[in-house]
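Presented below is the structure to which this report refers.
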Amino acid sequence: MRISKHITVVASLAIMVSGVIVGGFNTVSGASATKTISVMYWTNFDNPGTNAIPKLINAAAAQLAKQYPGAKVVLDPITTSSESTYYAKIDLAQRSAATAPDVVMEDSFLIGSDASAGFIQAIPKIKSWSGWQHFPAAMQNVVTYNGKVYGVVNSTDVQLAYYNAKLFREAGIAVPWQPHSFADIVTASKALAKHDKGIVPAWLYTGTPLGEASSFRGFEVFLDGTNDRLYNSATKKWEISGPGFTATWNFLAAMRPYTEPESDWSNPNGSSTVNLNLMPANQVGIVFDGSWVSTAYVKAGPKPDPSFFTNFKEARFPTNGTGGYTNQSGGFAWSLSSRAGNSKLGLAMIEDMSSAGNIATFDAADGNIPPRTDATTQQQWAAINKVDPVLTFATNQLAVTNYRPNLPQYPQISTEIATLTGDISAGSMTAAQAETAFAAKVTQIVGASHVVRMTK
Amino acid sequence: MVAPLIVFILAFIGWPIIWTMILSFTNMTITGPTATHFQFIGFANYRQLFSSGSGLVQSIFLSLYYLVASAYIGQALFGFALAYLMLSCSMRVRKTVGSIIIICWLVPEIIAAWMWFAMLSDGGTLQQGLHAVGLPYQTWLISHPMISVSLANSWRGVAFSFLLFSAALSDVPAELLDAAKVDGAHTWRRLRSIILPLLATTILIDFVLITLGTLNDFTLIFAMTGGGPGTASNVLSVFMYQQAFSTFQLAYGTAIAVVLLVIGAIFSVIYIRTLRRRGALNFVR
Amino acid sequence: MTTRRVRGPSAVRNLSTMAISLVGVLFLVPFLWLVVVAFQRHGSLELAGGGGFTLSNFTSLFTGGGMFLQSFENSLFLAVGTTIFTTVIAVFAAYPLSRFGSRTQEYFVYVLVFLTGLPIIAIMIPTYDYFVTLNLINSRFWTVCFMTATALPFATWIARSFIDAVPRELEEAAWMDGSSRFGSLKRIVVPLIIPGICVVAVFTFVNAWSDFFVPYILLQGANSPASVTMYSFFGQYGVNYSEVAAFAIVYSLPPVLLYLIVTRWVGQGFALRGAVKG
């Protein structure tokens, strides 16, 4: 058996070496195909705009081919019903040249994190592109990390409190309804619960299965209605506790008896449950969700239903008892992968996808708010606004909106928030325990010198 | 001639195991600065994992629950019962039912997960069936997730134990089986004192294989419940996946992987020692 | 497996026949929904309705989009590749392990049993990282190599127990005639262990065909096999259940057909008896 031992060693080396050689070939072939670029994006069978992204890419690809003869664009969709799976998949893919796309659709809140990981590259040249000036400062800041631009936003949204006017009237709540404090929301939910035990009085995103939405729509947008913030960009400190935090955690605990059952929020596809099942069936009183929800129900949408627009009305997010309004916006952006085979072509593709016409067409089909000011004057956008009254209402909220901190620590902190909202909903934590745990977790993640406790 | 085997195992299993151990001492994440520039952080992942409230204890418990319920009871015990009952069964039924059970085993795991998911869902066939006869149904996937996934795994996996036991029982001298049958009152005693001892090696090997297969299982649970509701079916493999990919902490996920490896190794060592004592590893009987 | 039937009081026989029949029926229940819905136009979780009978869900698999054919081809590549690699390597390795018994060999077998039990899932994250570093990621060939490595311990274990059952005298005669070790393996042992080789091959194929997590991590997009495509349908309201059911049925057929063909061909020696002997 001595011989076979030698063979083993030699053969293992051979495998390793051949692996490296084959790997080398992979890289070479990737780099030589400079005229072809790939665009990676998220597709979801539930999304009314399932085809909106491929249409956008194809339209832009046709324009790209005119500018750069021979340029080809390959679609690289990632199909999954869960957002967090998409985030993990694109990050895994961008670790290797063999799987990295040239252009990738990034959720704007991950830009800072993915930039610091080295997955996406800064695109300083974008500032000299004629379209860039049409993006308002807020939309430019969303894709800026450490002073450098890492992408171009293709869509944004605001959050709305959709309420079912039919159920509200039946429950004896005056419509139109506009809460001015957390207490107003609790009161309405309580009345709805009393009126009909069979419905979900209020849908609130909560828990880790619903991922980022639980943190963003289920906590942060409410926190923004107080005087506390998750991150203070002036002092560069994370706020971990304070009266606003206490009010928000208490609000979530107070809502617990009236929100959806665990079977709904523990399902990663919960947003489909509420948007496509509960809402059209008038089984839910209030839904705190993105402004794109209504687009599914317009005449040309995937689930045309005129009664949706008569039953559901929209309210704004209140500042807690100070008479104002607040909001939170997210959205996706196109970024250039650090491992792009042809950065020049990739950048040109991003510019083409972000033209006023392409953005207007895409956002009209997908129910988003265009991030580009001159896109809102395009006729595609005007047309969808006529059939979907929610969009105008939503666009007006941009005046009071906020954005998530574009920092590498944010995704981890956000995960902690989602976990804690779930602990409150499951009844395994009180508001006070959640507040303590939150402060401890954030301190652990960013370090004690980067946090601050607010006193008023 | 053994060389290719050794090469494959060293290159594709040996090295990843070592790398698992190494990564579990780092702070590697999916995204953020430590995604590519990670550092060694000593035992921090393990301290976090073994601190209270990490969910580790619950996951170990759920993995053991799944092992006992779906493998030992649902596959080994049930598989033996099937094989034994089939001895005294009409040939046609025996062949038909045997084929059905084997087909369940041949169906890809993800399809099995989908079928069971559809059957147990809210509005699924089970609910309709029970309603039709006037019985209430609470969605099992939500109210009893561990029972749901254990049932599905038993359904899918029982064929393996069944085949092993059928083959072993066919080697048992017919007189012994006949005697056991005729003497109805003493069936249980005969089973215990004559048949089970003859099958001891088979039983042991069956236990080895299904234990390891079940601890390794991920797809069925991941697809049916995703570890939920909440963390109610978060067995170790799903727990690992979630920490690594959903909360972006890759290295923390590998620390859970190491725990999984250690548990697998403990079972393996126990079984190897037992098999060796029985001489069962010398194969030729 | 002999077809000898145990005779006993007919009451016992009837009782067990009834019990077994009931089990058979219960085992079919999960299939019921799948098969009914696959032939409906717009199936739902309910059996009734569904918009009438149609075969279009099956025909559209082969005409529309190409996603099905692509993922089916990937599954075939992975499963066939893994089966061939595993079977050949396992039989080669099992031969000396069976024939030339020594202390080292014995320990080697322990290692194999030990490896059989390793949770492969536990090493997927580092394997991903390692595949990225060596640039092996998203390659069907290297995925086959990895799947082969994970299948080998069990396959070798089974193959060894089959070779153990071949009388050594047969080979000794061949050696007298000047046959090499390799020659006697080829001409004497292999023909006698065809049933064992079939067990190894079928077992490896069924597992590789069904494998989800390994390709889910190591492959992406157009390289994904049917199991990963199937997973992307999970929990999606926008998906037509009927089309997915048709996909599921066609995807489930190859292992079933393979099993039926092989058992028919090899006959009674099948049914994992080799492993039991071990």
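Listed values for region B:212-220 are Karplus-derived 3J(HN,Hα) couplings in whole Hz (6.51 cos²θ - 1.76 cosθ + 1.60, θ = phi - 60°), namely 5, x, 6, 4, 7, 6, 9, 3, 4, and x replaces Gly and Pro.
Can you tell me which lysines have their Cα less than 24 Å from the Cα of B:Lys95? Leave out same-chain residues fewer than eight positions away. Counting by Cα, and skipping residues close in sequence, B:Lys95 has these lysines nearby: B:Lys181, C:Lys277.
Could you tell me which of B:Tyr271, B:Leu261, B:Ser233 has its Cα farthest along the dipole of region B:54-282 towards the positive end, charges placed at Cβ (Lys, Arg +1; Asp, Glu -1), taken about the Cα centre? It is B:Tyr271, whose Cα lies furthest towards the positive end. Between helix B:91-106 and chain B there is an angle of about 0 degrees, using the helix long axis and the longest principal axis of the Cα atoms. Across the alpha-carbon atoms of region B:57-98, the computed radius of gyration and Dmax are 15.0, 48 angstrom.
Among the chymotrypsin sites (Phe, Trp or Tyr not before Pro) found in region B:3-69, those both in a DSSP coil and sparsely packed, with 14 or fewer other Cβ atoms within 10 Å of their Cβ, are B:Phe43. Here the calculated FRET efficiency for A:Gln67 and A:Ala382, from their Cβ-Cβ distance with R0 = 22 Å, stands at 0.20, rounded to the nearest 0.05.
Using the Cα centre of region A:108-175 as the reference point, and only Cβ charges (+1 on K/R, -1 on D/E), how large is the resulting charge dipole? Debye, rounded to the nearest 20.
Details: 5 positive and 3 negative charges, 33 e Å.
Charge dipole of region A:108-175: 160 debye, to the nearest 20.
Using a ≥ b ≥ c from the Cα gyration tensor of chain C (square roots of the eigenvalues), is it rounded, prolate or oblate, where a/c under 1.5 gives rounded and otherwise the larger of a/b and b/c decides, a/b for prolate? Present the calculation step by step, with values, prior to reporting the outcome.
Details: a/c = 2.36, a/b = 1.35, b/c = 1.75.
Oblate, since a/c reaches 1.5 and b/c is not below a/b.
Which of rounded, prolate, oblate describes region B:57-143, given a ≥ b ≥ c as roots of the alpha-carbon gyration tensor eigenvalues and a/c under 1.5 marking rounded, otherwise prolate only if a/b is larger than b/c? Note, shape of region B:57-143 comes out oblate. Taking a sphere under 12 Å around the Cβ of A:Lys125 and counting the other residues whose Cβ falls inside, with K and R at +1 and D and E at -1, yields a net charge of +2. The dipole here belongs to chain C: it is taken about the Cα centre, uses +1 on the Cβ of Lys and Arg and -1 on the Cβ of Asp and Glu, and is about 880 debye.
Please label the shape of region A:301-456 as rounded, prolate or oblate, based on the square roots a ≥ b ≥ c of the eigenvalues of the alpha-carbon gyration tensor (a/c under 1.5 means rounded; beyond that, a/b larger than b/c means prolate, else oblate). Mind showing how you got there, number by number?
Numbers: a/c = 2.30, a/b = 1.34, b/c = 1.72.
In terms of gyration-tensor shape, oblate.
Ellipticity at 222 nm from helices only: DSSP H runs of n ≥ 4 in chain B, each -39500 (n - 2.57), divided by the residue count, give -19000 deg cm²/dmol. Around the amide H of A:Ser38, modelled in the peptide plane, lie the amide H atoms of A:Val74, A:Asp102, A:Val103, all under 5 Å away and 5 or more residues distant in sequence or on another chain.
Might you tell me the accessible area per residue for the protein assembly as shown, computed with a 1.4 Å probe and given in Å²? Display every interim value, and only then the final one.
Working: 39130 Å² over 1019 residues.
Result: 38 Å² per residue.
Taking the Cα-to-Cβ direction at A:Asp196 and at B:Leu191 and moving 7 Å from each Cα, how far apart do the two end points lie in nm? Distance between label points: 5.4 nm.
First select every other residue whose beta carbon is under 15 angstrom from the beta carbon of B:Tyr137; then total the charges, Lys and Arg +1, Asp and Glu -1. Let's see the in-between values first.
Working: positive: none; negative: B:Asp122, C:Glu46.
After counting each charged neighbour, the total is -2.
Rg then Dmax, both in Å and based on the Cα atoms of region C:30-121: 23.2, 67. Here the average projected area of the convex hull drawn through the C-alpha atoms of region B:85-209 stands at 10.3 nm². Proximity of backbone amide H atoms, modeled 1.01 Å from N, is registered between A:Ser338 and A:Ile120, A:Gln121 at under 5 Å, excluding neighbours fewer than 5 places apart on the same chain.
Where the alpha-carbon atoms of the protein assembly as shown are placed on the principal axes, they occupy 94, 67, 56 Å, in descending order. Rounded to the nearest whole angstrom, the semi-axes of the ellipsoid equivalent to region A:274-368, taken from the Cα gyration tensor as √(5λ), stand at 34, 20, 12, largest first. Structure remark: mean-square fluctuation, Gaussian network model of chain C, C-alpha springs under 10 Å; the largest value among C:Ala246, C:Ala48, C:Ala165 belongs to C:Ala48. Once the Cβ-Cβ distance of B:Arg92 and B:Ala44 is raised to the sixth power relative to R0 = 51 Å, the FRET efficiency obtained is 0.20. Would you please give the FRET efficiency between A:Thr373 and C:Val256, computed as 1/(1 + (r/R0)^6) with r the Cβ-Cβ distance and R0 = 51 Å, to the nearest 0.05? FRET efficiency, A:Thr373 to C:Val256: 0.30.
Across peptide C:199-208, the average count of Cβ atoms from other chains found within 10 Å of a residue's Cβ is 1.
3J(HN,Hα) couplings calculated from phi for region B:38-46 with the Karplus curve 6.51 cos²θ - 1.76 cosθ + 1.60 (θ = phi - 60°) are, in sequence order, 8, 10, 6, 10, x, 8, 4, 4, 5 Hz; Gly and Pro show x. In angstrom, the C-alpha Rg and Dmax of region B:54-282 are 20.0, 63.
Out of every Cα pair in chain A, what percent are spaced more than 31 Å from each other? Let's see the in-between values first.
Working: 46002 of 103740 pairs.
Of the Cα pairs, 44 percent sit more than 31 Å apart.
Under the criterion of Cα pairs below 8 Å and six or more residues apart, the relative contact order for chain A equals 26 percent. Its Cα centre serving as origin, region B:54-282 has a Cβ charge dipole (Lys and Arg +1, Asp and Glu -1) of approximately 540 debye. Potential lengthening of the chain between A:Arg256 and A:Ser128 amounts to 41.0 nm, from the contour at 0.36 nm per residue minus the alpha-carbon distance.
How charged is the neighbourhood of A:Lys344? Take every other residue with its Cβ under 14 Å from the Cβ of A:Lys344, and add Lys/Arg as +1 and Asp/Glu as -1. The answer is -1.
Taking label positions 7 Å along the Cα-Cβ direction at both B:Ala174 and B:Arg273, the computed distance is 4.3 nm, reported to one decimal.
Expected output is a single nm value to one decimal: the length gained when fully extending between C:Thr63 and C:Leu134, i.e. 0.36 nm times separation in residues minus the C-alpha distance. What is it?
On the way: separation 71, 0.36 × 71 = 25.56 nm, distance 3.74 nm.
Going from the current span to full extension adds 21.8 nm.
In region B:54-282, Cα pairs under 8 Å separated by at least six residues give a relative contact order of 28 percent.
Between C:His42 and C:Arg103, the distance separating the two model label sites (each 7 Å from Cα on the Cα→Cβ line) works out to 7.4 nm.
Bridging of A:Lys190 to lysines at a Cα separation below 28 Å is possible for A:Lys166, A:Lys313, once same-chain residues fewer than 8 apart are set aside.
The values are calculated or read from the model by the stated rules, or taken from the named source; none is laboratory data. Quantities reported herein were computed from a predicted structural model and do not represent experimental measurements. Every residue, glycine among them, receives a Cβ derived from its backbone with ideal geometry; neighbour counts consider all protein chains shown. Side chains included, ligands, DNA and RNA excluded: accessible areas come from the protein's heavy atoms. Shrake-Rupley method; radii C 1.70, N 1.55, O 1.52, S 1.80 Å.
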